[in-house]
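Data block below; observations after.
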Amino acid sequence: MINLMNFNAASYNPQDATITVGGGIRNGSIYSALSKVNRSITHGRCPTVGAGGFLLGGGVGFDMRRHGIASDNLIATNVVLANGDIVTASANDHSDLFWAMRGGAGGNFGINTSFTLNTFPVDQSVEFQLGWSNVSNEFLEVYFKTFEAAPKELGSKVTLTPGLALEGQERPINVSVIGQYIGSSRDLKEILAPIYQQALPDEEVIQLMAYWNASSFLSEAGTPGYYQERSRFVNGPMPNAMIQAMREWLTRWPNAQGSGSIKFFQMGHETNALKPTDTAFVHRQSQWLSSIEITWTPGQTIPSRMLAHRWQDRFYRAITPLSGGGAYQNFPDPSLRDWATSYYGENLNRLMAIKAAVDPHQLFRYHQSIRPLK
Ligand SMILES: Cc1cc2nc3c(=O)[nH]c(=O)nc-3n(C[C@H](O)[C@H](O)[C@H](O)COP(=O)(O)OP(=O)(O)OC[C@H]3O[C@@H](n4cnc5c(N)ncnc54)[C@H](O)[C@@H]3O)c2cc1C
């Protein structure tokens, strides 16, 4: 374990509008540096997440449909290699390594002591939080179609949860979405009109705010918790068969302690602007990143936890063939057998060749680390 906590500086360069941050900085410290100059990078929801793991595995956030995933904003990184060499990887230097640093995931190729990223200007944004209870499949079809058709200025994350079942009735499905729109509240309402025609939300917050205030509103600071998520990218538009599978499995939530849900980060537009092989982040055809999540508490009984895990695994098995995509390397999934191809797809061989070149004896290794090509 190498503690990078003190590599936590952030310095903005007004000449070329880039920011250079230390390899151990947390996302929240980058945001506070960028908010002072009204600039941003594609950033996630959790300020306590480390920039190192976030950037090296891709980095998804509300701005990605406008500006690509976070690692698409990366222009250079300093790396300490297994043999002790210190190199700068960029498009011109150590370009193979630079390719691997954009989606090849942390802990695989060296120790990144700094990252330099392009930034973009920010001003105001409309943040929204909407909720509907007891939705139909027809509602969900319209929901996904409407968001898929939305302009790239809109970013969202939607959660579908099983509600409480009334005696003799099917368990209802509830929908809750949070997101950001760069534009006016009126335009946002117009974009969402087909969904409102299906059903008016039970919960509705739509407000224009300074960009960084909106980001704080959308952030997920929370207290540490216990959870496992199992992810799949959904290629192309949301298949109706997947909506049916979601209804089947959400209504079959086994009432374990803790919670079960499926979440979707909205991909599309600039996240798919590069080809799958342009960087190590291979997932370039997707409209949604799904994640089936279960949470539990330390006091929860083992049988109750096993019920939730079994539900999650069976739900995951049902949607995997329908989704068409791989799994997100930044949501490490210990129960994924084919993790290497799920995370890296057609880029796996090149990543293994780079591993063989820079770390043939696997100084950097863990359960799901990239193995050197033999
Ligand atoms: C609450 C929460 C919210 C999240 N939200 C999002 C989100 O909105 N979007 C998103 O894309 N992801 C999100 N994630 C996932 C997150 O991106 C990954 O968990 C990421 O790997 C965390 O990085 P870390 O550095 O904090 O973690 P760590 O566990 O410290 O690191 C992850 C891996 O990267 C390696 N690593 C870390 N820093 C470096 C470095 N400087 N050089 C080389 N290797 C390094 C570590 O060795 C380890 O193998 C979230 C995670 C949590 C827990």
With no solvent term and unit scatterers on the alpha-carbon positions of segment 10-121, Debye gives log₁₀ I(q)/I(0) at q = 0.17 Å⁻¹ of -0.73
Sequence order, segment 76-81: Karplus ³J(HN,Hα) from phi using 6.51 cos²θ - 1.76 cosθ + 1.60, θ = phi - 60°, Hz rounded, Gly and Pro as x, gives 6, 8, 8, 10, 8, 8
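Given a Förster radius of 35 Å and the C-beta distance between N255 and E220 as r, what FRET efficiency does 1/(1 + (r/R0)^6) yield to the nearest 0.05? Walk me through the numbers on the way to the answer.
On the way: r = 26 Å, r/R0 = 0.73.
So, using R0 = 35 Å, E works out to roughly 0.85.
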The convex hull of the Cα atoms of segment 258-332, divided by residue count, gives a volume in Å³ per residue of 95 Å³
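Please compute the net charge surrounding S185, taking Lys and Arg as +1 and Asp and Glu as -1 over other residues with Cβ under 14 Å from its Cβ. Walk me through the numbers before you get to the answer.
Values: positive: R186, K189; negative: E127, E153, D187, E190, E204.
Spelling it out: positives minus negatives among the neighbours equals -3.
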So, with points 7 Å from each Cα along the Cβ direction, the D338-N137 label distance in nm works out to 2.7 nm
Between the modelled labels at R317 and A82 (7 Å from Cα along Cα→Cβ) the distance in nm is 3.6 nm
Simple spin-label estimate for N118/M1, 7 Å along Cα→Cβ, in nm, reads 3.8 nm
For the chain, the Cα-Cα pair-distance distribution in 10 Å bins from 0, as whole percents, is 5, 23, 32, 26, 12, 2, 0
Unit-weight point scatterers at every alpha-carbon of segment 267-307, Debye formula, q = 0.15, 0.26, 0.27, 0.32 1/Å: log10 I(q)/I(0) is -0.55, -0.88, -0.93, -1.08
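Note the full-extension length gain between R310 and E167 as 0.36 nm times their separation in residues minus their Cα-Cα distance, in nm to one decimal.
Values: separation 143, 0.36 × 143 = 51.48 nm, distance 2.43 nm.
In short, 49.1 nm is gained.
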Stretched fully, the stretch from Q198 through C46 gains (0.36 nm per residue minus C-alpha distance, one decimal, in nm) 51.5 nm
With +1 on the Cβ of every Lys and Arg and -1 on the Cβ of every Asp and Glu, the dipole magnitude of segment 1-114 about its Cα centre, in debye rounded to the nearest 20, is 500 debye
Applied in sequence order to segment 223-235, the curve 6.51 cos²θ - 1.76 cosθ + 1.60 (Karplus, θ = phi - 60°) yields integer Hz couplings, x standing for Gly and Pro, of 9, x, x, 9, 7, 9, 10, 10, 10, 8, 7, 9, 7
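Accessible area of segment 10-121 with a 1.4 Å probe: how many percent of it is carbon plus sulfur? Provide the component values of the computation, followed by the final result.
Numbers: 1800 of 3770 Å².
Here carbon and sulfur together make up 48 percent of the probe-accessible area.
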Rg (one decimal) and Dmax (whole number) from the Cα set of segment 124-323, in Å, equal 17.4, 53
For segment 1-154, dividing by residue count, accessible area per residue (probe 1.4 Å) in Å² works out to 39 Å²
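The values are calculated or read from the model by the stated rules, or taken from the named source; none is laboratory data. Computed from a predicted structure; not experimentally measured. Neighbour counts are summed over all protein chains in view; Cβ atoms, including those assigned to glycine, are modelled from backbone coordinates with ideal geometry. These accessible areas exclude ligands, DNA and RNA; they are computed on the full protein's heavy atoms, side chains included. Shrake-Rupley method; radii C 1.70, N 1.55, O 1.52, S 1.80 Å.
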